[in-house]
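Beneath this line is the structure, given in structure tokens, with notes to follow.
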Amino acid sequence: MKDRFMNGYVAGVVADIPIVILDMLSGLFHLDKFDYIHFVTIFAFSERNPNIWETLFALMIQLFFAGVLGVAFSYLLPHISERYFYSKGLIWGVLVWFMIYAVDIIFKIEDGLKMDFRTAVTHFILSVIWGWLMAWMLKRLRRMEQR
């Protein structure tokens, strides 16, 4: 694809798929109080215990949002140079993590969701991984278009 928008969108979505899986696994091993899907259902439906349909819709919202964040990164890159590409992806992931947590605090969603240390650290690590994977996928898509 020779399209900055679509490359960013695909990179964001593809990078988010393993993150969703890792996040669900972290919940199974009690590494966090709630996963990103529950975070999205609270934003979308004000529902703390979603049913299967709300969970699936929240998953679509999360993947869409990850794609949009990939687009934003893709358009931001030419303005900050492409040097240290993966490091910038990591930083982007951390910035997104911080912004999402800040939105929760600013708008007092669900009493701040009562974030605990393990959940914050788990989500931080997942955001770093997402940022790196998104940058890697974006770089791979751009190399494919140069062939």
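Rule-based calculations on the coordinates, nothing more; no lab input. Bear in mind that the values here come from a model prediction, so they are computed numbers and not experimental data. Backbone-built Cβ (ideal geometry, glycine too); neighbour counts: all protein chains shown.
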**Message:** At 30 angstrom or more along the helix axis (alpha-carbon based) and mean Kyte-Doolittle of 0.5 or higher, what helices does the chain contain? Whole DSSP H runs only.
**Reply:** 4-28, 52-80, 85-106
**Fill in**
Note to self, the chain gives a 222 nm [θ] from helices alone (DSSP H runs n ≥ 4, -39500 (n - 2.57) apiece, / all residues, nearest 500) of -27500 deg cm²/dmol
**Asked** Tell me, what does the Kirkwood hydrodynamic radius of the chain come to in angstroms if you use every pair of distinct C-alpha atoms?
**Response** 15.7
**Message:** Between Leu63, Leu126, Leu95, where does the largest GNM mean-square fluctuation fall for the chain, given springs only between Cα atoms within less than 10 Å?
**Reply:** Leu95
**Asked** In the neighborhood of Trp136, defined by Cβ-to-Cβ distances under 15 Å, what is the net charge if each Lys or Arg adds +1 and each Asp or Glu adds -1?
**Response** +3
**Prompt:** Once amide H atoms are built 1.01 Å from N in the peptide plane, which residues 5 or more positions from Leu31, or in another chain, come under 5 Å H to H?
**Reply:** none
**Fill in**
Magnitude of the Cβ-charge dipole (Lys and Arg +1, Asp and Glu -1) of region 4-146 about the Cα centre, nearest 20 debye, reported as 620
**Message:** With an 8 Å Cα cut-off and a minimum separation of 6 or more residues, compute the relative contact order for the chain in percent.
**Reply:** 41
**Request:** Mind jotting down the distance between the C-alpha centroids of region 78-147 and region 44-71, whole Å?
**Result:** 17
